[in-house]
Each structure stands twice: as C-alpha cells, then as structure tokens.
Amino acid sequence: MSGARLRGARLRGARLKGQPDLIRSVYKYGPQPNGLRLCKAVRDLIFPVLLGCLFSMSAECAEEPGNYLVVGSYEDELRATETGERLSGEAGVEVLMLPVDVSGQIYYRLLVRLFTDEYDQARLKSQLRYAGVGDMWNTSITGSEPGLRSVFAVIDYEDVDLDLGLDVDIGFDIDSTSALAESFLQPTRLVKKNFLTAGSFRDAEQAEELYQELSADYEQVLVKSANVNGVDYYRVLVGPVDESSEEAFKAAARDRGIVNAWILRDVAVEVIEPSVAVDAGSDFREELHNITPSKTRMTSPDISRSQASPEDKEPATYNAAKLRKEPSPFFLNEIQPTGENNGRWRTDFAGEFRAFDKPGINDLDRNHGSISFQSEYYKTWNDGDDIFAFVPFARWDEHDDERTHLDIRELTWVHVADSWEVRTGIRKVFWGVTESQHLVDIINQTDNLENPDGEEKLGQPMINLSLLGSWGVLDFYVLAGFRERSFPGIDGRPRLPFLVDEDAAIFESAAEEWRTDFAIRWVQTFGELELGLSHFSGTTREPRFDLQLVTNSMGMPVDVVLVPVYEVIEQTGVDAQYFVGDWAWKLEAISRGGQQERYSAATFGFEKTIVGVFGSRADLGVIAEYLYDDRGEGAPVIGEDDVALGLRYAFNNVSDTTALLVGLYDIDSHELVTTLEASSRLGANWKIIVEASIFSNGKTMQENFRGFLAVLANPETGLDFFQDEDFLKIELIRYF
Amino acid sequence: MPIMGFPGFVFFLTLILPAFSVFAESAADKGLAIAQEADRRNDGWVDSKVNLEMVLKNARGDESRRQMRLRNLEVEDDGDKSLTIFDTPADIKGTGLLSFSHKVEADDQWLNLPALKRVKRIASKNKSGPFVGSEFAFEDLSSQEVEKYEYKYLRDEVLDGHETFVIERYPVDKYSGYTRQTAWIDKEHYRMLKVDYFDRKNSLLKTLHSTDYQQYLGKFWRPGSMLMYNHQTKRSTELHWQGYEFSTGLKDSDFTRNSLKRAR
C-alpha cells in the first residue's frame, strides 16, 4: 500500500484549496512521531517562503540560450499555456513560453529547442506537425528574457484528494484504527524518484479514473496537481522508474498503451521506511533538493499520433498522454474508412485561352477564350458490386457557337459479379496502346471541337458484357445509337476553309443515327506480352466528305460545302504490347472495309523509360513510332507514311509536373507538326496545362476559293490548311 | 570392429560434422533465418484494406498531402497483389494503380488514367523510381518477399527501448536502386523498426522509421506511421496508416484490370 494512497485517505474532507501551505501542512501529516512532525512542520513553514522566492526566480529562470523553433503565438496566455502543455506531451519535448511585445500587443510564443542533428530535427518537426502545429519559424533567445518560462516547470506538486471512492480502493475500513495507527507510526521520508506521466487532466475525476485503471500495474501510481495560472492540472504518474531502465520502462508502457508519455524527474514522494529513525538533518538537505524546480526533460522523440486537439473537446476531458483509443483526426471527413466514396460529386472548372500566331487562311480572330465545366457523381452499393456514375460536360466558347456544346460523357450503371460484368448506359471505352495515333480505338466518337488531336471523346450509349476467365477478358458491345462528329463553326479555329454541313450528313445505313452497332474484343496477358483482338461492325466514326458546290444564279461555283458521309464498315483490329526491360514495344494494326476500298493501317513503335535520368529523380521516356496506311498519299488521314518521335519528361516532383514533346513528320511531303504539352499541379486544387502546336513545311497555296478547291480536290492534301494554325493554349483548372 | 581405418574415419566425421555446423551458423544463415521468421509471423492475413495519408515535405518545409486507399491480397507462393486508389489531390482523384509483386521477378504494374479511360501497363523496371513524387520508391512499398534479398546478420542493438537484430540485406534484382539496406528488427515481435537505405554508390541515402505499431487479429503487427527521410536531399515523406481491416473477403477478381478500371 503506497504512502500516497494513505495520505489521500487522510486528507479526505480536509482539502483546503487555495489556503496557504502553512495551514495545509498541518493537516497533511497527521499524528506522527513528534520529531519528524516537527521537522516537517518547520519544513513546510520555512520552505514555502523559500519556495515562493524560488518560484518567482524560476518564473524568470535562465533557460539555455540558442536556436529555438516557434510553434505558436497567442494573445491569450492561458491558451498558450494549454497548447504548450499539450504539445510538450504529444511531441515529447520541453516547451518554453515567452511573452513578446509586437507593436504594443503582447503575444505569448511557444518555443521548442532545435536539434543539432538534421535527421532528429526532421522527426521533431513531423511530430509537431502531427500534433497540429502549422507554421513554424526559427528564432534565437539569450535564455534570460523576462517572462520566459518552461510551460512544464511545475514547481509545486500537491497531493490530490481523490474523495471519490478512494476508501473503497484502500481495501480496509477507514475507521479501523489499528491499521491506521500502524501506518501513522511508520516513519516516512521524502525521496526523489522518477516517474512516467501517464495522463494529464484538468478534471480530477478523469485523473482518478486513469489512476484506478493503472494502479494494479505499477508499484506506485500518483496523482499530482499543479496550479498554472489559476488552473489546476491533475497529472497521473506511474513508476517509480529506475534511471538505468528508463527506455525499457517507456517501451513497456507503450506496449501497455501509454503513449506520448515522458519521464518526470525528481518527484518528491513519501516512502514508508520500516521503523528506522530518520536523521532530521539529512532530511532537511534532501528536502531542499526536492524543492528545486523540476522540469521535464526531453526524452528521445517518438513519432506518435496526436489525439484530438483540445479545441475539439471539452477542456476537462483533454488528456495529454493517454491510452490510444480514438482514431486519428488526421483524415478528412469525406474519406470513409476503407469504404467506397459514396454518393459524392466532384467538379472541375477550366478556363482555356488559345492564342493563334496568324489570322490564317480564314482570317479569323487570333485570340480565343473559353470556359468548361465537368462534374462527376459516383455512387456504389452492395459493397462495390453495383456502381452508378454520371458525368456531364459543358463548354462555352467565346467565338465559335459550334464549340459551345454540352455532352453527357457518362451516365452508366455497372454491375459486377465474380466472372462477368455488365455495363450499361452512356460510357467511354478506350482500346489501344500506341501514343501518336489510336487506330484500334473506335467505339467512341471523337469530340472534334474540344481538341483536333482526337484525344477527347463523346459519350456512347451501349450495353457491354464483360466475361473474365483464365483465358483473358472478352467484351461484347451493343452500341445503341450513333453520334455524329461535330465540326467548328464559321468563327472556330482551326478549321477547313469550307464549312461542314452536319445537318445534311449522308448515312449509308437506312437507320441513320439510330443504327445499332456491334463490337467485340478479347485481351489476354502472356507474361510480358499483352495482346488484344477486336472487331467492330457498324457506322464509321470518321466520315469522309462529299464536296457540294454552291452556285450562284449564273451557275458559277461560289462556295463549297462539305457533307459528311458515314458508311457502314467492318473493322478488325489487333493491338499488342511487349515489355523487355525498360522497353515497351507497341503495335496497332487495323483492316477496314466498307469505306470505298478495303485498306489496312498500322502503327508500330516503342517507348523506353529511363528511370532517374542524369542521376535525378525524373524519368525520361523516349517514344518512336512509325505510322503507315496502305492507301498511300491519297489517304485522308495524317499518318500514311509518317514517323513520330517523342520525349516524355516526368519530374516526379510533388506537383506531378510532366512534359511531352512530339514531332510528327511525313516522310513524303516533309510536313512536320511539333507539339509540346506540359502540365503541373498548382497547390492542392489547381492544375495548369500548356499546349503548343507548330505546323511547318506545308505546301503553299493560293488563298482564294479556287486555290482551296484545288487543294481539297487533291487527294494528297495533308495538313496544308493548317499551316497557319500554330497556336499556344493555356488551360487553368480548378477542382472542387 | 565398426570404426576402423580411413572409411571408418570418414563415416565418423559425417556423424559429427552436422553437430559442428550448428555451432558455426554463418551470419548469412542467421540473417536469412531472421528474415524468414519475420515473414512467417506475417503469414495468413489473407487480405487487407487501409487508408493512407502521405505528407511530402521538401527541404524548405513546404508540404504536400496525398490520400489514398489501399487493398492488398496475400497470394500463396508469390508476392502480394495491391490496388491503390488516389483520393487527393483533386486532379488525380480516381487514378488507380494495380500491382502484382513476385518473389523474384519484377512487379507487374498497371496505371489507370480515368480522364482517358486508359489502363496503361508500366514498364516494370521502374521500381527504383519515386512513388507519386514521394521519397518512397516503388520497391520500398511493394511486398517484401524473403527471396528478394540476400541477408547478413550484423549484431544486436537496443533501439528506442526495443531489443533488435540488426541485419543487412542486399537486393537480388539488378534494377534495384540500392546496393544494400540495414534493417533493425525487434526481437520480440520481429517488426521492422528502422531501415537504412544505401544508394548505388553505397552512400547512405534514406532512413525509414516505422512506429506506432499495433497488433491486429492478435497476430499481425502494422505500423501506424512511417517516416522516410532522405539524407541527401533533406526531403521527407510521412505515411499515416489508418483503419486497417483484415480478412474482408477480397478475391483475385478484385485485383484485375477490370477492377482497376472501375475503381474510383
């Protein structure tokens, strides 16, 4: 039975809070051997005076000069003290408080001593941040600034009267005098011992609860109180801790669940001596030692999790070093623990600005601004077996009314089972492996207005059944409805010199845009080889154009209107990737029939990734592809005998900055398109994308009606119409 | 007379030599034994789900945070499968990474780019590259199989109050970014407490501290926090793991290209 507990019992009903030490001390000790009692009374008379002096001295005690980290600055001293105490507990370091006058206003700054070792410093900062500290900056102090004090320099620990059921704890009837008398007769002496702080509360009840919980596990469990600026803090101490085994003690306590604890040194405790007369003289000297201000010492930092910050909880329940129970508040509320993100919207707004180098053959505006918006609603249920997604998109363009458009990118329900999936609704599907062009990708119509490079797609209504097996993945598609390609209006750029009359589109199929198309695809992985085979049967997504002359009253052609013709095609495609070390070899090949004569086209190349290029963190990818179309120069596509070379640079930095430079070169006509695309995140919610394209080496033409007609009628037309369409695009996206 | 002459002598040696070898356990054997025991203690978790917050800090103190969800599947006789889905920052929301790690061969990885609806397979020799710009390389986060390293036991040491074995391990894969790693494994529970990473020039590159270990299902220890500090660039990355769940019923079909595509 510890002396502390007994004393607590004796104090029951006799707690005199706020009374001077003198009176309290009389009640503190009760009947004792006269000599000892006298010594103690004297001690308690004289030493509080000394104590007071020492206290006031230590309030301005000299701290170590040097470099410190400012971890907080408060106008309210009490708030500063509370925070300092909490930080000290959580980060396991000593915290000093320094009042500073800034333009007439007193701020209370919390300081933490900097480590000399950079690695330890980083750990300390991470603990502080985890404990909720935001900005930190360095300062240096002389150590003797007025008002500088350690937030934990608790000078005077009082024993606490825990008058809540403590008598039950004692285990014997308090009124039984024999046991009490026995204890009274036992001499006690004060010794200094080291203890581990297990908890710090402002509410005595909480302290007592913890005390009860731990009392069985340790030789001594104490509850000590300290009064800091009028507020009582109740600290639960466990121990005593042997100096030689401090780390082991702490580790064992950690395993028991006591985290964020620190060793409190030189705590004066009364120890019952077995009937040994105490030498009063040595007692005094020892007491003198005990009165010196005991500061917490920095123990080796531990990365430990913070509890909820005191602002979130009732002050009375806050515990600086407690058994870990609650989950970390670190995570944002929107993330469900390991659940799916259910029923949530994500939105982004983008502002796009395009600057064209020249007015071009159509003599159009050089500056085009536009804004766009895309949102996504995503919900799962049945533990992810059913998924619903809705993605609307809209763009408004400053000049081009055609480019101002709306689309539903996705409106889909996916049902997942063990070996099959069914996906219905408006969706987007991507097939293919190459970088410069996507021959095999055919399901979705290109959103030609967004970007002429063909990377953006319109949503396609479909029913898709996906079967999974050890033989690979087999997808069946029923494509309900057809989406026509849209073309820029009269004020849009880049565009052909003649407008496209979309309303007059000609369909081979009688059902026109209501035709149901079909597609099938199989993929399988064979070690380092990934293979895909596909077949599509339906209306082609890429129209060819019929030229319709517009004549004047005299029968002279004055204008040309391009009418898209959508034929029904059969396209078989194969795509393959083969990985060898850093090299990824890629192939896409198609054979298409139905658009006039059957033809085939292929893209073949590689992508090599150099990890940590030039000894840095960045990756450099080298891309080289050859584009072929057996229709030769007459092919109405860009890539009929072309080479694409590209460099992809990934900075691998915090902002995920990447840059891609691609040159597409026509071997026969020597036309060259150079494109640079770079993107980077800005802060947490913004992203910037910069894109520039330069068209060079095109044929010159007469920039009039006849000239254009001549070029258009010539099957070997390449990018002639786009020679003056060099542009720079900057897009800024904000995510919500 | 049984033991006579030279054949008898040889016979006699074969009886006693095994006894000698027990006493002459090499540092390599002991290192391997420690690694195997650590692996054994981590057997049988079946599958797990966890949330992860990553705090990236540069030398100046600027911070950047990422949040992601991880699912892992234990595979018999091979490395684990994992599916990582990013939640923040906003522009990579919904990006997913599927990874099949193997005992000896390089990992297979696929990246899902939701904006393009494209699943791109990553060249697998990229293991030494940084994972989303952090100080953790892909190989640091993929499942630590015993066969991926050769081992050597160095000494015993007390670290942060724990008795530990200190072992050195040498990556077997030539594409690894490290020549060697020094690992502190605690004796009581065989948890990895600290790892020093040495780069290709054999100079100290990074140190990983794993703390806040908690035990799950009465057997498996998982750290609550990890700090990777790069001594050369003074950058660091902290990982905070939360909400561990085990044996949640995940299957192979949850770790396929299809599941990668539909995860958001």
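The values are calculated or read from the model by the stated rules, or taken from the named source; none is laboratory data. Remember, predicted model here, so these are calculated numbers, not experimental data. Cβ coordinates were reconstructed from backbone atoms using ideal geometry, including for glycine residues, and neighbour counts include every protein chain displayed.
Yes/no matrix, rows are residues, columns are (1) within 14 Å of chain B (Cβ to nearest Cβ); (2) modelled with pLDDT under 90; (3) in contact with a helix residue (DSSP H, G or I) (Cβ under 6 Å, 6 or more places away or on another chain); (4) not in a strand (DSSP E or B):
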residue	(1), (2), (3), (4)
A:365	no, yes, no, yes
A:370	no, no, no, no
A:374	yes, no, no, no
A:377	yes, no, no, no
A:384	yes, yes, no, yes
A:395	no, no, no, no
A:415	yes, no, no, no
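Using the structure shown, decide if residue A:683 is without any contact (Cβ under 8 Å) to a residue 40 or more places away in the chain and either under 38 Å from the mean Cα position of the chain (by Cα) or over 19 Å from residue A:728 (Cα atoms) (or both).
Details: without any contact (Cβ under 8 Å) to a residue 40 or more places away in the chain: yes; either under 38 Å from the mean Cα position of the chain (by Cα) or over 19 Å from residue A:728 (Cα atoms) (or both): yes.
Yes: the conditions hold for residue A:683.
Looking at the stretch A:541-560, can you tell me whether even one residue there is under 41 Å from the mean Cα position of the chain (by Cα), closer than 30 Å to residue A:464 by Cβ and within 14 Å of chain B (Cβ to nearest Cβ)? No; the residues of the stretch A:541-560 include none that is under 41 Å from the mean Cα position of the chain (by Cα), closer than 30 Å to residue A:464 by Cβ and within 14 Å of chain B (Cβ to nearest Cβ). Beta carbons closer than 9 Å, at least 6 apart along the sequence or on distinct chains, pair a first residue in the stretch B:93-122 that is on the phi > 0 side of the Ramachandran plot with a second that is of a type in the set (Gly, Ala, Ser) for B:94/B:115; B:94/B:263.
Cβ-Cβ contacts under 7 Å between residues 6 or more apart (or on different chains), taken from a first residue in the stretch B:30-56 that is more than 14 Å from chain A (Cβ to nearest Cβ) and closer than 27 Å to residue B:167 by Cβ to a second residue that is among the basic types (Lys, Arg) and part of a strand (DSSP E or B), are listed as B:31/B:152.
Looking at the stretch A:525-537, is at least one residue of a type in the set (Val, Ile, Thr), at pLDDT 95 or above, within 46 Å of the chain's Cα centre (by Cα) and in the same structural domain as residue A:629 (by TED's automatic domain parsing)? Break it down stepwise before answering.
Initially, the stretch A:525-537 is screened for residues of a type in the set (Val, Ile, Thr), giving A:525.
From the residues that got through so far, the ones that are at pLDDT 95 or above too are none.
Looking for residues that are of a type in the set (Val, Ile, Thr), at pLDDT 95 or above, within 46 Å of the chain's Cα centre (by Cα) and in the same structural domain as residue A:629 (by TED's automatic domain parsing), one finds none in the stretch A:525-537, hence no.
Within the stretch B:92-116, the set of residues being over 21 Å from residue A:606 (Cα atoms), within 11 Å of another protein chain (Cβ to nearest Cβ) and modelled with pLDDT under 85 comprises B:105, B:114, B:115.
When B:180, B:169 are screened for being more than 10 Å from chain A (Cβ to nearest Cβ), at pLDDT 90 or above and within 24 Å of residue B:75 (Cβ to Cβ), only B:169 passes. Looking only at the stretch B:130-149, residues that are away from chain A (no Cβ under 12 Å) and not basic (Lys, Arg) come to 9 in all.
Would it be correct to say that residue A:224 is more than 22 Å from residue A:82 (Cβ to Cβ), modelled with pLDDT of 75 or more and either basic (Lys, Arg) or part of a loop (DSSP other than H, G, I, E, B) (or both)?
Numbers: more than 22 Å from residue A:82 (Cβ to Cβ): no; modelled with pLDDT of 75 or more: yes; either basic (Lys, Arg) or part of a loop (DSSP other than H, G, I, E, B) (or both): yes.
So residue A:224 fails the test.
Could you tell me how many of the residues in the stretch A:397-413 are over 30 Å from residue A:471 (Cβ atoms) and within 11 Å of another protein chain (Cβ to nearest Cβ)?
Of all residues in the stretch A:397-413, those over 30 Å from residue A:471 (Cβ atoms) come to A:397-409, A:411.
If we keep only those that are within 11 Å of another protein chain (Cβ to nearest Cβ) too, we end up with A:409.
Qualifying residue count for the region: 1.
Annotation: residue A:565 fulfils all but one of (1) more than 47 Å from the chain's Cα centre (by Cα); (2) without any contact (Cβ under 8 Å) to a residue 24 or more places away in the chain; the unmet one is (2). Within the stretch A:116-141, residues that are free of Cβ contacts under 8 Å to residues at least 60 places away in the same chain and within 22 Å of residue B:195 (Cβ to Cβ) sit with their Cβ atoms under 7 Å from residues that are hydroxyl-bearing (Ser, Thr, Tyr) and not in a helix (DSSP H, G or I), at 6+ positions apart or across chains, in these pairs: A:119/B:207; A:119/B:229; A:122/B:229; A:122/B:236. Given the condition crowded, with 20+ Cβ neighbours inside 10 Å and of a type in the set (Gly, Ala, Ser), answer yes or no: does some residue in the stretch A:438-457 qualify? No.
Quick check on this structure: which one of B:127, B:152, B:120, B:174 is in a strand (DSSP E or B) and either aromatic (Phe, Trp, Tyr) or within 11 Å of another protein chain (Cβ to nearest Cβ) (or both)?
On the way: B:127 fails: in a strand (DSSP E or B); B:152 fails: either aromatic (Phe, Trp, Tyr) or within 11 Å of another protein chain (Cβ to nearest Cβ) (or both); B:174 fails: in a strand (DSSP E or B).
Step by step, each of B:127, B:152, B:120, B:174 is checked, and only B:120 is in a strand (DSSP E or B) and either aromatic (Phe, Trp, Tyr) or within 11 Å of another protein chain (Cβ to nearest Cβ) (or both).
Right, residue A:518: modelled with pLDDT under 90, assigned to a strand (DSSP E or B) and in the same structural domain as residue A:559 (by TED's automatic domain parsing) or not? No; evaluated as a whole, the condition is false for this residue.
Does residue A:659 meet the test of being in contact (Cβ under 8 Å) with a residue 12 or more places away in the chain, surrounded by fewer than 20 Cβ atoms within 10 Å (Cβ to Cβ), farther than 25 Å from residue A:617 by Cβ and away from every other protein chain (no Cβ under 14 Å)? No: the conditions fail for residue A:659. Taking the listed residues A:555, A:532, A:593, A:538, the one that is surrounded by fewer than 16 Cβ atoms within 10 Å (Cβ to Cβ) and in contact (Cβ under 8 Å) with a residue 12 or more places away in the chain is A:593, with no other qualifying.
I'd like the residue in the stretch A:96-146 that is assigned to a strand (DSSP E or B) and basic (Lys, Arg) and, out of all such residues, is surrounded by the fewest Cβ atoms within 10 Å (Cβ to Cβ). If you could, list the steps in order and put the result at the bottom.
Taking the stretch A:96-146 as the starting set, the residues that turn out to be assigned to a strand (DSSP E or B) are A:96-102, A:105-113, A:137-141.
From what's left, basic (Lys, Arg): A:109, A:113.
Numbers: A:109: 21, A:113: 18.
Here the residue is A:113.
Residue check: is residue B:161 in contact with a helix residue (DSSP H, G or I) (Cβ under 6 Å, 6 or more places away or on another chain) and without any contact (Cβ under 8 Å) to a residue 60 or more places away in the chain? Here the answer is yes, as residue B:161 does meet what is asked.
If you go through the stretch A:707-731 and keep only what is among the small types (Gly, Ala, Ser) and either modelled with pLDDT of 80 or more or assigned to a helix (DSSP H, G or I) (or both), you end up with A:707, A:710, A:713.
Scan the stretch B:200-229 for residues that are within 30 Å of residue A:614 (Cα to Cα) and buried (at least 18 other Cβ atoms within 10 Å of the Cβ) and report the count. Working first, answer last.
Going through the stretch B:200-229, the residues within 30 Å of residue A:614 (Cα to Cα) turn out to be B:200-209, B:226-229.
Subset that is buried (at least 18 other Cβ atoms within 10 Å of the Cβ): B:205-209, B:226-229.
Residues flagged as within 30 Å of residue A:614 (Cα to Cα) and buried (at least 18 other Cβ atoms within 10 Å of the Cβ) within the stretch B:200-229 amount to 9.
Of all residues in the stretch B:221-243, which are under 17 Å from the mean Cα position of the chain (by Cα) and either at the interface with another protein chain (Cβ under 8 Å from one of its Cβ atoms) or part of a loop (DSSP other than H, G, I, E, B) (or both)? Walk me through it before giving the result.
Of the stretch B:221-243, the ones under 17 Å from the mean Cα position of the chain (by Cα) are B:221-229, B:237-241.
Those that are under 17 Å from the mean Cα position of the chain (by Cα) and either at the interface with another protein chain (Cβ under 8 Å from one of its Cβ atoms) or part of a loop (DSSP other than H, G, I, E, B) (or both): B:223, B:224, B:225, B:227, B:229, B:238, B:240.
Conditions tested, residue by residue: (1) under 22 Å from residue B:91 (Cα atoms); (2) at pLDDT 95 or above; (3) in the same structural domain as residue A:538 (by TED's automatic domain parsing); (4) in contact with a Ser or Thr (Cβ under 8 Å, 6 or more places away or on another chain).
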position	(1), (2), (3), (4)
A:618	yes, no, yes, no
A:640	no, no, yes, no
A:673	no, no, yes, yes
A:681	yes, no, yes, yes
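Let's see how each residue does on (1) within 26 Å of residue B:261 (Cβ to Cβ); (2) of a type in the set (A, V, I, L, M, F, W, C); (3) part of a loop (DSSP other than H, G, I, E, B); (4) within 14 Å of chain B (Cβ to nearest Cβ):
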site: A:436; (1), (2), (3), (4): yes, no, yes, no
site: A:451; (1), (2), (3), (4): yes, no, yes, yes
site: A:463; (1), (2), (3), (4): yes, yes, no, no
site: A:466; (1), (2), (3), (4): yes, no, no, yes
site: A:491; (1), (2), (3), (4): no, no, yes, no
site: A:494; (1), (2), (3), (4): no, no, yes, no
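Looking across the stretch A:651-679, the residues that are farther than 20 Å from residue A:453 by Cβ and either polar (S, T, N, Q) or under 23 Å from the mean Cα position of the chain (by Cα) (or both) come down to A:651, A:652, A:653, A:654, A:655, A:656, A:657.
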